[in-house]
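Visitor: Quick one: this structure, given as C-alpha cells, is what I'll be asking you about.
The values are calculated or read from the model by the stated rules, or taken from the named source; none is laboratory data. What you see is a predicted model; the values in this text were computed from it and never measured. Every residue, glycine among them, receives a Cβ derived from its backbone with ideal geometry; neighbour counts consider all protein chains shown.
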Amino acid sequence: MIEMLPPIPENFALGVCDYPEHVPWDQWKQYPERQKQLGLTYVRVAEFAWSKMEPREGDFDWQWLDDAIEALDAAGLRVVMCTPTATPPAWLIRKHPEILPIGFDGHVRNFGSRKHYDHASLIYREHSRRITRAVAERYGRHPAVDGWQTDNEWGCHSTTRSYGGASAVAFRGWLEQKYGTLEALNQAWGNIFWSQEYTDWSQIDPPFNMPTDRNPSHVLDFNRFASDAVNEFQAEQVAIIRELSPGRWITHNYMMHFNEFDHYANSETIDFASWDSYPLGQVERAPLTEEEKVRWARTGHPDYVSWNHDVYRGLKGRRAFWVMEQGVGQVNWAPSNCIPVEGAIALWTAQAYAHGASCVSYFRWRAATIAQELMHSGLLRHDETLDRGGQEISRMEIAGRANGETPARVALLHDYESSWVYDVQPHSQNASYIRQTMLFYSALRGLGVDVDIRHPDSDLSGYAVIVAPALQLMGAERAAHLAGYANETILVFGPRTAYRTPTGRVQEDGQPGPLRDLAGQRLLNFDGLRPGLTVRAGGHEVETWAESYEPIDADVLMTYDDGPLAGKAAVTRHGNVVSIGAWSATLVTDVLDVLLGEAGVAAMRLPGGVRVSRRGSTEIWMNFDQAARQLPDGTEIGPVSFQFRG
Ligand code: GAL
C-alpha cells in the first residue's frame with residue numbers, strides 16, 4: 001500500500017479566506033491581528049483579484065497586495081497565494097472575446113460573474129501563463145508565502161466544457177491524434193447508427209443541443225478532451241510556480257461531488273488536494289429525498305461530506321489534504337439557504353480532521369458587503385462582529401493535534417470516466433453514478449469502517465476488501481489488474497459493472513466482458529425501476545435498478561423473490577468475488593457486513609447519524625443527529641457533537 005507522505009502542516013491548523021481588495025485599507029489592516037487571535041494560521045488571498053493586480057494590460061498595481069501580505073506576516077500568519085485566472089478582467093475579454101466559453105445551449109457565456117473562459121483557448125492560455133508568471137515573480141519567494149492555490153475550483157458553474165469556439169477546434173485535433181483516421185473514429189463511436197458517420201474532421205462538433213440523445217461514445221471522448229484541457233491549463237501554471245517559488249507547495253481547491261474532469265489526472269502536477277466544503281448547500285443539491293433534505297438541512301449529510309474527504313485524501317495515493325473553504329453559516333447559491341444548528345461548524349472541523357485533513361480554512365473572514373455573495377455568511381457579520389460560526393471556532397480545541405495517518409483497510413473504487421458514461425444513459429429516473437456509489441459508501445460508513453477511495457487502476461495492495469460500486473468501463477488491462485488482487489482480497493462489484501468497453505460501446509460478448517472468469521457469472525437482464533416501483537430480493541426491497549445473473553462457476557447468494565426476474569440470481573459469489581445486482585441499501589449492508597467480518601475488518605451497525613473515523617490511534621465519534629444517541633459501547637453522545645477517544 002502506498003505510504004502517506006508527511007502532512008503539511010505537521011499539526012492540524014486552521015485558516016481563512018480573505019479579500020483585502022474588498023475592504024478599504026484602514027479597515028482591513030485591523031483584520032490580521034483578529035485572525036491570529038481567533039487561532040488561525042493560514043490566510044488565502046487574491047484568487048479573484050486580477051482586475052486589481054493588472055487594471056490595464058501590462059500595467060500592474062501590487063502595492064495593495066504587498067501591504068496586505070506584510071500585515072499578515074507581521075501578525076504571524078502564513079499566506080496561501082493564488083493565481084487569479086478564475087476571473088479574466090473586462091479589458092481582456094473586450095480585446096479577445098473568443099476567450100469566452102460556449103454553453104450547452106450554443107450561446108456565449110458572458111462577462112459579469114466568473115469562470116468565463118474556455119480552457120482550450122490558446123489566447124487565454126497565454127494570458128494565464130503571463131499573469132501566473134507576474135504573481136509568482138512578485139511573491140514566489142516572499143517569506144510569508146507558504147504555498148499556492150491554482151485558479152479557483154476548476155469547472156465551477158459547469159465550465160469544464162465549452163461547446164464551441166476554441167474547444168470545438170481543439171477537440172477535432174484531439175480526436176485526430178487519438179484515432180488517426182475517420183474510419184477508426186466512426187468505428188469506435190458506432191457512427192453507422194443513425195447515419196452519424198463523418199467524412200471530414202471539420203464535420204465534428206462538441207456534443208451539444210441535439211434533438212434527442214447524444215451518442216455516449218461522442219460524449220465520453222468530448223468529456224475526456226475537456227478534462228485533458230483543464231489538466232493542461234493547470235500544469236502550465238504549476239510549471240511556472242515551481243520555477244519561481246522554490247520550496248513552496250501547490251494545491252487546488254476542488255469541489256464537492258464534482259465529476260466533470262478526471263481529478264486523478266488533474267492532481268498529478270500538484271502536491272496535495274484541497275476541497276471546498278459547504279455541507280448545507282450540498283444537501284440542497286444532492287440527489288436526496290425531500291425527507292432526507294429536511295433531516296440534514298442544518299447539519300449536512302455526514303456521508304455526502306465525508307465522501308469528499310475520502311476522495312481527496314485518495315487522489316494522489318493516500319495523502320493528507322486540506323479543506324480550503326469550509327462554510328461557516330449559510331451559502332447564497334442553494335435553492336434555500338438555512339443556517340446550521342449550533343455545533344455544526346465544530347463538528348465539520350472535527351470530521352475533516354478525523355478523515356485526514358491537515359488544515360481547515362474557513363470561508364470567509366467577513367461576510368461580503370458587495371455584489372453576488374452579499375447574502376453569504378462569514379466568520380464576521382457585515383458589521384464586523386463575530387458571527388455564530390466565528391464564535392463556535394473561538395471555543396474549539398482541535399488545532400494543534402497531530403496530523404496522523406488514516407488506517408483504512410477497505411478501498412472503494414471511483415472512476416470519473418465511468419461516471420460520464422453512467423450519467424449519459426442512467427436508464428432509470430433515480431439512477432446516477434453518485435447515487436449508486438453513495439449506496440455502497442454509506443453502507444460501509446454506516447458499518448463503522450474507514451474507507452479509502454481510490455482509482456481502479458492504482459496500486460490496491462494491502463486492502464482487505466475492495467468495493468467497486470459502479471465501474472462501467474472495463475478493458476482487458478483493468479480486468480487483469482483487479483484479478484491480481486482476488487487471491488488475498490475480497491472484491492465486490494455493484495450493478496452495471498463492466499457493462500462497456502473503454503470506448504463506451506457495450507461488451508460485444510455480453511457482460512461482464514473481461515471480468516467474466518473472475519466473477520463467474522454472466523448478465524441476463526436489467527430492470528430500470530421507475531420511482532415507486534420496487535421488487536424484492538432475499539427479502540430486501542429493491543428500488544431503481546435490478547439485474548439478474550446466470551451463474552457459470554459462481555454460487556448464488558440471493559435470488560429475486562418477485563417481479564419479472566423472480567428466481568434469478570441477484571447476488572453471486574465466485575471465490576473472493578461477489579457481484580451485487582440489486583439496488584437495495586439493506587441488502588448491500590447485509591452482504592458487506594458478512595464480507596467485512598470474513599476479511600477481519602471490525603464492523604458494527606451504527607445508529608442514525610452516528611459515524612466514527614480513525615486517525616492515528618485516535619477514534620473520533622461523531623453524531624450528526626439533533627438528538628442524543630447511544631454508542632455501541634453503551635455510552636451516550638450528545639446532539640451535533642463529537643468525542644475524541646484514545
Ligand atoms: C465556492 C467558491 C467561493 C465562493 C463560495 C460560496 O464555490 O470557491 O469563491 O463563491 O463557493 O459558497
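Visitor: Out of curiosity, is residue 193 under 18 Å from residue 503 (Cα atoms) and of a type in the set (A, V, I, L, M, F, W, C)?
Guide: Answer is yes for this residue.
Visitor: Just a yes or no: is a residue in the range 113-135 under 30 Å from residue 30 (Cα atoms) and in contact with a strand residue (DSSP E or B) (Cβ under 8 Å, 6 or more places away or on another chain)?
Guide: Checked the range 113-135: at least one residue is under 30 Å from residue 30 (Cα atoms) and in contact with a strand residue (DSSP E or B) (Cβ under 8 Å, 6 or more places away or on another chain).
Visitor: Something else: Got a number for residues in the range 276-326 being among the aliphatic types (A, V, I, L, M) and in contact with a strand residue (DSSP E or B) (Cβ under 8 Å, 6 or more places away or on another chain)?
Guide: Looking only at that region, the number is 7.
Visitor: Can you tell me which of 61, 26, 67 is charged (D, E, K, R), more than 24 Å from residue 234 (Cβ to Cβ) and either part of a loop (DSSP other than H, G, I, E, B) or outside the structural domain of residue 149 (by TED's automatic domain parsing) (or both)?
Guide: After ruling out the rest, the residue left standing is 61.
Visitor: Looking only at residues that are within 28 Å of residue 429 (Cα to Cα) and surrounded by fewer than 23 Cβ atoms within 10 Å (Cβ to Cβ) in the range 260-280, which one is farthest from the ligand (Cβ to nearest atom)?
Guide: This residue is 262.
Visitor: A further question on this structure: Please state which of the following conditions residue 372 fails to meet, knowing it meets all the rest: (1) touching a Phe, Trp or Tyr at 6+ places or on another chain (Cβ under 6 Å); (2) in a helix (DSSP H, G or I); (3) over 26 Å from residue 444 (Cα atoms).
Guide: (1)
Visitor: Moving to a separate point now. Do we have any residue at all in the range 103-114 that's within 25 Å of residue 138 (Cα to Cα), more than 16 Å from the ligand (Cβ to nearest atom) and assigned by TED's automatic domain parsing to the domain that holds residue 171?
Guide: no
Visitor: Can you tell me which residue among 422, 463 is over 21 Å from residue 587 (Cα atoms), buried (at least 18 other Cβ atoms within 10 Å of the Cβ) and out of contact with any helix residue (DSSP H, G or I) (no Cβ under 7 Å at 6 or more places or on another chain)?
Guide: It is 463.
Visitor: Looking at residue 149 and the list (1) over 18 Å from residue 47 (Cα atoms); (2) buried (at least 17 other Cβ atoms within 10 Å of the Cβ); (3) polar (S, T, N, Q), which single condition is not satisfied?
Guide: Residue 149 satisfies every listed condition except (1).
Visitor: Which pairs have Cβ atoms under 9 Å, sit 6 or more apart or on different chains, and link a residue in the range 582-596 that is under 14 Å from residue 436 (Cα atoms) and free of Cβ contacts under 8 Å to residues at least 60 places away in the same chain to one that is outside any helix (DSSP H, G or I) and basic (Lys, Arg)?
Guide: 584/536
Visitor: Identify, please: which residue in the range 175-187 is surrounded by fewer than 19 Cβ atoms within 10 Å (Cβ to Cβ) and touching a residue at least 12 places away in the same chain (Cβ under 8 Å) and is, among those, farthest from the chain's Cα centre (by Cα)?
Guide: The qualifying residue farthest from the chain's Cα centre (by Cα) is 182.
Residues checked against (1) buried (at least 21 other Cβ atoms within 10 Å of the Cβ); (2) more than 16 Å from the ligand (Cβ to nearest atom); (3) aliphatic (A, V, I, L, M):
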residue: 98; (1), (2), (3): no, yes, no
residue: 101; (1), (2), (3): yes, yes, no
residue: 119; (1), (2), (3): yes, yes, no
residue: 135; (1), (2), (3): yes, yes, yes
residue: 141; (1), (2), (3): no, yes, no
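Visitor: In the list 170, 166, 86, which residue meets the criterion of being in a loop (DSSP other than H, G, I, E, B) and either not assigned by TED's automatic domain parsing to the domain that holds residue 204 or not polar (S, T, N, Q) (or both)?
Guide: Only one candidate passes the filter, namely 86.
Visitor: Tell me which residues, restricted to the range 409-442, are closer than 14 Å to residue 613 by Cα and in contact with a strand residue (DSSP E or B) (Cβ under 9 Å, 6 or more places away or on another chain).
Guide: Answer for the range 409-442, where residues must be closer than 14 Å to residue 613 by Cα and in contact with a strand residue (DSSP E or B) (Cβ under 9 Å, 6 or more places away or on another chain): 409, 410, 441.
Visitor: Condition check: on the phi > 0 side of the Ramachandran plot, assigned by TED's automatic domain parsing to the domain that holds residue 268 and in contact with a Ser or Thr (Cβ under 7 Å, 6 or more places away or on another chain). Does residue 356 satisfy that?
Guide: yes
Results for (1) part of a helix (DSSP H, G or I); (2) crowded, with 22+ Cβ neighbours inside 10 Å, shown as yes or no for each residue.
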site	(1), (2)
368	no, no
393	yes, yes
400	no, no
411	no, yes
431	no, yes
443	yes, yes
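Visitor: So, in the range 282-325, how many residues would count as being surrounded by 19 or more Cβ atoms within 10 Å (Cβ to Cβ), assigned to a helix (DSSP H, G or I) and not hydroxyl-bearing (Ser, Thr, Tyr)?
Guide: 12
Visitor: If we keep just the residues of the range 480-503 that are farther than 27 Å from residue 542 by Cβ and not polar (S, T, N, Q), which is surrounded by the most Cβ atoms within 10 Å (Cβ to Cβ)?
Guide: 485
Visitor: List, please: which pairs have Cβ atoms under 6 Å, are six or more places apart or on different chains, and start with a residue in the range 31-57 that is under 19 Å from residue 140 (Cα atoms) and in the same structural domain as residue 84 (by TED's automatic domain parsing) and end with one that is within 16 Å of the ligand (Cβ to nearest atom) and assigned to a helix (DSSP H, G or I)?
Guide: 49/21; 52/21
Visitor: Select from the range 354-392 the residues that are within 30 Å of residue 449 (Cβ to Cβ) and out of contact with any Lys or Arg (no Cβ under 7 Å at 6 or more places or on another chain) and write down the one among them that is nearest to the ligand (Cβ to nearest atom).
Guide: This residue is 362.
Visitor: Give the number of residues within the range 316-347 that are more than 14 Å from the ligand (Cβ to nearest atom) and under 30 Å from residue 458 (Cα atoms).
Guide: Selection size over the range 316-347: 6.
Visitor: With the structure loaded, tell me whether residue 79 is within 16 Å of the ligand (Cβ to nearest atom), buried (at least 20 other Cβ atoms within 10 Å of the Cβ) and either not polar (S, T, N, Q) or not in a strand (DSSP E or B) (or both) or whether it fails that test.
Guide: no
Visitor: Evaluate the range 144-158: report whether one residue or more is of a type in the set (Ser, Thr, Tyr) and outside any loop (DSSP other than H, G, I, E, B).
Guide: Looking through the range 144-158, none of the residues is of a type in the set (Ser, Thr, Tyr) and outside any loop (DSSP other than H, G, I, E, B).
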